[in-house]
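Written out below as structure tokens is the structure these notes cover.
The values are calculated or read from the model by the stated rules, or taken from the named source; none is laboratory data. If you're wondering where the values come from, they're calculated on a predicted model, not measured in any experiment. Note that we place each Cβ from the backbone using ideal geometry, even for glycine, and neighbour counts take in every protein chain shown.
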Amino acid sequence: MSPLYTALLCTFLPLAAALVLVLVSPLRRAGLAAGLFSVATALIAFGGAVTLLLERWSGAATPVRETVRWLPHAGLGGGAHARAVIELGVQIDGISATMLVVVTAVAACVQIFSLGYMAGEPKPDFGRYFTWQSLFLFSMNSLVVAPNLLQLFLGWELVGLVSYLLIGYWWSKPSAARAAMKAFWMTKLADMGLILALLVLFVDTGSFDWTVTTSAAGAVTLLLFFAVMGKSAQFPLHVWLPDAMEGPTPVSALLHAATMVAAGVFLVVRAFPLFEQAPTTGLVMAYVGAFTALFAAVIAVVQTDIKKVLAYSTCSQLGYMVAALGAGSQVGGFFHLTTHACFKALLFLAAGSIIHGVHSNELSHMGGLWSRMRVTSVAFLVGALALAGVPGLAGFFSKDLILEHVLERGLWAPLGALLVAAFLTAFYMGRVTLVALFGRPSAHAEHAHEGGVSLLAPLVVLAVPAAGVGWLGAKLSGLYAAPVHFHLSPVGMVATGLALAGLGLAYWMFGAPQGGGRLRAAFAPIGRLARSGAVNARFAWGYGVLGGVSSIFAWFDRYVIDGLMNGLGYATLALGARLRGLQTGRAQDYVYVLVAAMLGVGAYGAFWSR
Amino acid sequence: MGLTGYLLLAAALFSLGVFGVVTRRNAIGVLASVELMANAVNLNLVAFSRHHAGPTGQVFALFSIALTVAEVVVGLALVLLLFRAKGDVRIELASELKD
């Protein structure tokens, strides 16, 4: 099969699956059958994506770009627009092939995981869930293979819609319904940036391609970045992401950790030629990204809900990616997207497995799971260490690459923020791991046990890339840019040192008095070092300060940033209340205004505009 | 008679329709006035079709007539429901969407 048809299959098979599930309601209402059907199509799509990547991997294939005319543009004025044609199509190159594999792989794992995780749901709801999962895969794939910004925008809006549907899966729960609304409106607000960027770009160049040279690059890229801030949860538009954890945990893994939130980063990677034309936007991105990385990491330290920790961690890691792209490193941003998708999906699914076993999200309800849920614990540990940046695991490579680029550009403040964030990342992941897996078992955790094979198989499968994908970095980056040669740079060593220090601090503070066994013995020297001498008091003081600062940040996030956004909402409502006097509810009054306006426009056209 | 005559007639019909839509209190009267507006437009379409000596306008007019019929069906159904709910067909009774 030619690459074009493979790509079309990857994209449209999930759509077909979703349509079948919508139209053939006996299948949808049958529950498990609907799930298996959806999983099968996702696996086929994954197979197609792997084929595409392997073709590129062997170096034989050239980029494929096939488009069809969608709308001919009938000359809006003269110049560049007169002959413009709006196209839809498929573009397969190193970037989209890699992204396709990431998306379909995580989606397939998540769907298989959901078979077990959602098993307790009523059958019709189970079918509904998988309908939307398939619809999501179609939306995301159509975004990934898009040959221009317009089609990317279509996919972008579709994933936003599916995100809303899946966050609000438990729609009868008020908090879930509210969270879904919040996510929808926050990202919609940001999407205004994308559509405005498209307009500016089209007016300026008569094209939606990202390869064009435009004189309005600054405006276009700033507007695009506004959209990215919404979708990829950058400060201050990140407030929807932690709330989005109201959705089922596999949904959080797929949409709100690995793929959909990365769409913003993917947009920048795609439109990189445009961003290269606007150095100022890059600077803004580097600062916003680095600040988000630090800010979210600080908040993650004090969260008590395991999913909230991971959610803020996602914010923080997205900040890393944005900062890398801002520093002009396409490879750094995209590679971190790839590695992050692997280990964050793994972490979320492992957290889902833990929640399934313990029946609670609260860290204090866990503990001692190492001996009760061994497979899940090992998977979680691998993910946590990869995220923390332990040498050899995935996160280490991409983080090192990003820091090196930021240093090269001489962006000192972002570099500092990112380094501190690396320390905090290791610390909060160490905390979660030690408390949940090795801590004193709570009453809830006493009877925790592993779920079925559909819960465990995805963990095992995802643990492999989470541990090893870093080693493929040079080859993967070579698919779309000059291959990067990984080497341990000084700044990388500093970051690794900070990460190990973070883990050590976490061990010193939360190190388990029971459970752990061999692992605890391995970490013991670090713990002894931390415990020794007079540093104790200072550490305790330091943690007090850290906790205080963290709480202040969390408070700031909850009341000031959220409040600002809510205030915007209330202001709109108040304005509406004032204006509703104009609304009489009588159709005739509206027609009256309509006619008057029409006459006004007609008169203007007839008399004054000449 | 040239194009102008038809256009003037259509404009007059349209204005009468608008006047009716805005002032009639009876819902059926409003519907009838909407019909008048639609037919003024159809007249324009046919007149231009004749003027340009092409079939496009007539085809459009046929489409438009078919659509208008469908619209009237919906409209009359609404009036019927309004009558059932309120026992009257005065249009200002249908203003609950305000709240």
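Some notes on this structure:
- Only one entry in A:GLY451, A:GLY430, A:GLY504 is small (Gly, Ala, Ser), crowded, with 18+ Cβ neighbours inside 10 Å, in a loop (DSSP other than H, G, I, E, B) and touching a helix residue (DSSP H, G or I) at 6+ places or on another chain (Cβ under 9 Å), namely A:GLY451.
- Check on A:GLY605, within 13 Å of chain B (Cβ to nearest Cβ), more than 20 Å from A:THR292 (Cβ to Cβ) and small (Gly, Ala, Ser): no
- Checked against (1) loosely packed, with under 12 Cβ neighbours inside 10 Å; (2) within 14 Å of chain A (Cβ to nearest Cβ), B:HIS52 passes all but condition (2).
Yes or no, residue by residue, for (1) without any contact (Cβ under 8 Å) to a residue 24 or more places away in the chain; (2) among the aliphatic types (A, V, I, L, M); (3) in contact with a Gly (Cβ under 9 Å, 6 or more places away or on another chain):
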| residue | (1), (2), (3) |
| --- | --- |
| A:HIS256 | no, no, yes |
| A:GLU276 | no, no, yes |
| A:PHE291 | no, no, yes |
| A:ALA300 | no, yes, no |
| A:SER316 | no, no, no |
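- Number of residues in the stretch B:1-43 that are among the small types (Gly, Ala, Ser), under 21 Å from B:VAL69 (Cβ atoms) and either buried (at least 18 other Cβ atoms within 10 Å of the Cβ) or within 10 Å of another protein chain (Cβ to nearest Cβ) (or both) equals 7.
- Looking only at the stretch A:355-369, and only at residues there that are surrounded by 24 or more Cβ atoms within 10 Å (Cβ to Cβ) and either touching a Phe, Trp or Tyr at 6+ places or on another chain (Cβ under 6 Å) or in a helix (DSSP H, G or I) (or both), the one that is modelled with the lowest pLDDT: A:LEU369
- Screening A:ARG586 with (1) touching a Ser or Thr at 6+ places or on another chain (Cβ under 9 Å); (2) among the charged types (D, E, K, R); (3) modelled with pLDDT under 75 gives one miss only, at (3).
- Answer residue from the stretch B:79-99, given it is modelled with pLDDT of 90 or more and either within 14 Å of another protein chain (Cβ to nearest Cβ) or within 19 Å of the chain's Cα centre (by Cα) (or both) and is farthest from A:GLN583 (Cα to Cα) among those: B:LEU80
- Only one entry of A:PRO483, A:PRO465 meets the criterion of being closer than 23 Å to A:ILE402 by Cβ and either among the polar types (S, T, N, Q) or buried (at least 17 other Cβ atoms within 10 Å of the Cβ) (or both), and that entry is A:PRO465.
- Yes/no for A:VAL145 being touching a strand residue (DSSP E or B) at 6+ places or on another chain (Cβ under 9 Å), of a type in the set (Val, Ile, Thr) and farther than 30 Å from A:ASN566 by Cβ: yes
- Among helices (runs of 4 or more DSSP H) entirely within the stretch A:118-236, having at least 2 residues that are touching a residue at least 12 places away in the same chain (Cβ under 8 Å) and among the basic types (Lys, Arg) singles out A:123-144, A:174-205.
- Some residue of the stretch B:55-74 being within 30 Å of A:GLY581 (Cα to Cα) and within 13 Å of chain A (Cβ to nearest Cβ): no
- Enumeration of residues in the stretch A:574-593 that are assigned to a helix (DSSP H, G or I) and either loosely packed, with under 10 Cβ neighbours inside 10 Å or within 9 Å of chain B (Cβ to nearest Cβ) (or both): A:ALA577, A:ARG578, A:LEU579, A:ARG580, A:GLY581, A:LEU582, A:ALA587, A:GLN588, A:ASP589, A:VAL591, A:TYR592
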